[in-house]
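Note sheet for the following structure.
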Amino acid sequence: MSQRPFTLFALEGSRAFAQCVAGRLAIGLASHEERQFEDGEHKARPLQNVQGHDTFVFHSLHGDDSQSANDKLCRLLFFCGALRDAGASSVTAVVPYLCYARKDRRTKSNDPITTRYVAALFEAVGINRVITVEVHNVAAFENAFRCQTIHIEFAPLIAAHFAHLLRDQAIVAVSPDAGGAKREERFRQELQRLTGRDVGSAFMEKSRSGGVVSGSLLAGDVRGRVAVIVDDLISTGGTLVRAARACHAAGATKVFAAAAHGLFMSGAPELMAEPSIEGIAVANTVPPFRLPPADAARLTILDAGDSVAAAISSARA
């Protein structure tokens, strides 16, 4: 364990989740100032000494009603730079939801690889380490960042949830596309370990071009089993609806959906009303503020606080 002083900050918009994590670490959140200027510019600075400290900055980089993902990214970068200038021994960015992680490769000519550009920005301000939860592509994330990375998998959390919820029912883990097969397999193995029973595997065919999703083939046997569709995030929910309907048509007894990050953009009301989906589970990396209370009633929020606290502790070891 590092002998240097340990300081945890949380920027505006992420304090509620950060408070939960700080409680598990038995520390308080450090004080800082954030100011907004009339033209949209801003500044943030620590209000206590960080000279020689191991500093951790907590900020989930999703857009909300007051700040876009770009705003939050910029604030995080500037604040981490200020900590470096103030003499912090190390700076760790704790970003439960990492923006731009989905664009990790070129799918069309001259496409940007924004994951790599974000990584370069983190490096430029002197961030030593990045902690995040369930990125779209772990290998691409680790290759993009030249600093140390700690990736927290969502599989153990959702496996524990469904092991308790479904108990002795026959289960099949489903990926909504072939690209998520490794995520689905990690979940399947963890659920199999917890239940001591065989868990099946299946995945959907999926192609996307110009924002249009196509493909209807379901590979794997779901008949007579409860299907759990596992993804990294829920945006509009169209991918989950498509996979749920395919599982239902193929004979699944029930269909559940789970994702680490619930963004719930336009289209989410249709997802919440979809009769083929029994229930949806997401982590608290992004609060479900876009959902009306009636829709949120179908949602189970899983607390990732213990996992994030454990990652912070391991970073200090």
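State yes or no: is residue 178 surrounded by fewer than 18 Cβ atoms within 10 Å (Cβ to Cβ) and either touching a Phe, Trp or Tyr at 6+ places or on another chain (Cβ under 7 Å) or outside the structural domain of residue 228 (by TED's automatic domain parsing) (or both)?
The answer is yes for residue 178.
Kindly check whether there is at least one residue in segment 176-183 that is under 25 Å from residue 300 (Cα atoms), of a type in the set (A, V, I, L, M, F, W, C) and at pLDDT 95 or above.
The answer is no, given that none of the residues of segment 176-183 is under 25 Å from residue 300 (Cα atoms), of a type in the set (A, V, I, L, M, F, W, C) and at pLDDT 95 or above.
If I filter segment 93-123 down to residues being crowded, with 18+ Cβ neighbours inside 10 Å and of a type in the set (A, V, I, L, M), which single residue comes out as nearest to residue 21 (Cα to Cα)?
Among those that are crowded, with 18+ Cβ neighbours inside 10 Å and of a type in the set (A, V, I, L, M), it is 94.
Just to be sure I understand the filter: pairs with C-beta atoms under 7 Å, separated by 6 or more residues or on different chains, first member in segment 299-314 and within 22 Å of residue 264 (Cβ to Cβ), second member modelled with pLDDT under 95 and part of a helix (DSSP H, G or I). Which pairs pass?
none
Taking the residues in segment 17-31 that are of a type in the set (A, V, I, L, M, F, W, C) and either part of a loop (DSSP other than H, G, I, E, B) or at pLDDT below 95 (or both) as candidates, determine which candidate is farthest from residue 92 (Cα to Cα).
Let us first name the residues in segment 17-31 that are of a type in the set (A, V, I, L, M, F, W, C), namely 17-18, 20-22, 25-27, 29-30.
Pick out the ones that are also either part of a loop (DSSP other than H, G, I, E, B) or at pLDDT below 95 (or both) and you get 26-27, 29-30.
Numbers: 26: 18, 27: 16, 29: 15, 30: 14 Å.
Here the residue is 26.
Restricting the search to segment 249-273, which residues are of a type in the set (Phe, Trp, Tyr) and touching a Lys or Arg at 6+ places or on another chain (Cβ under 6 Å)?
Listed by number, the list holds a single entry, 264.
Please determine, by comparing only the residues of segment 124-150 that are under 15 Å from residue 57 (Cβ atoms), touching a residue at least 40 places away in the same chain (Cβ under 8 Å) and surrounded by 21 or more Cβ atoms within 10 Å (Cβ to Cβ), which one is nearest to the chain's Cα centre (by Cα).
Going through the qualifying residues, I end up with 131.
Within segment 10-47, which residues are in contact with a Ser or Thr (Cβ under 6 Å, 6 or more places away or on another chain) and not small (Gly, Ala, Ser)?
Selection gives 47 alone.
Yes or no: segment 50-67 includes at least one residue that is crowded, with 17+ Cβ neighbours inside 10 Å, of a type in the set (A, V, I, L, M, F, W, C) and in a helix (DSSP H, G or I).
Scanning segment 50-67 turns up no residue that is crowded, with 17+ Cβ neighbours inside 10 Å, of a type in the set (A, V, I, L, M, F, W, C) and in a helix (DSSP H, G or I).
State all residues of segment 179-201 that are part of a helix (DSSP H, G or I), among the charged types (D, E, K, R) and closer than 20 Å to residue 221 by Cα; if no residue qualifies, say none.
Once the filter is applied, which keeps residues that are part of a helix (DSSP H, G or I), among the charged types (D, E, K, R) and closer than 20 Å to residue 221 by Cα, segment 179-201 yields 182, 183, 184, 185, 186, 188, 190.
For segment 212-317, which fully contained helices (runs of 4 or more DSSP H) count at least 1 residues that are touching a helix residue (DSSP H, G or I) at 6+ places or on another chain (Cβ under 6 Å) and at pLDDT 95 or above?
Answer list for segment 212-317: 305-316.
Checking residue 105 against (1) touching a strand residue (DSSP E or B) at 6+ places or on another chain (Cβ under 9 Å); (2) modelled with pLDDT under 95, only one condition comes out false. Which one?
(1)
So the check is Cβ under 7 Å with 6+ separation or different chains; which pairs have a first residue in segment 41-63 that's outside the structural domain of residue 262 (by TED's automatic domain parsing) and under 26 Å from residue 288 (Cβ atoms) and a second one that's of a type in the set (Gly, Ala, Ser) and in a loop (DSSP other than H, G, I, E, B)?
Pairs found: 58/14; 59/14; 60/14.
Can you pull out the residues in segment 138-178 that are more than 30 Å from residue 120 (Cα to Cα) and either of a type in the set (Phe, Trp, Tyr) or assigned to a helix (DSSP H, G or I) (or both)? Let's see the steps before the verdict.
Initially, segment 138-178 is screened for residues more than 30 Å from residue 120 (Cα to Cα), giving 156-176.
Scanning segment 138-178 gives 156, 157, 158, 159, 160, 161, 162, 163, 164, 165, 166.
Given the conditions (1) among the aliphatic types (A, V, I, L, M); (2) in contact (Cβ under 8 Å) with a residue 40 or more places away in the chain; (3) touching a Pro at 6+ places or on another chain (Cβ under 7 Å), and given that residue 73 satisfies all but one, which numbered condition is not satisfied?
For residue 73, the failing item is (3).
Here is a check on your reading of the model: is residue 81 closer than 19 Å to residue 41 by Cα, surrounded by fewer than 20 Cβ atoms within 10 Å (Cβ to Cβ) and not assigned by TED's automatic domain parsing to the domain that holds residue 264?
Taking the combined requirement at face value, the residue satisfies it.
The values are calculated or read from the model by the stated rules, or taken from the named source; none is laboratory data. Fair warning: this is a prediction, and the values are worked out from it, not measured in the lab. In this analysis, Cβ positions are derived from the backbone assuming ideal geometry, glycine residues included, and neighbour counts consider all displayed protein chains.
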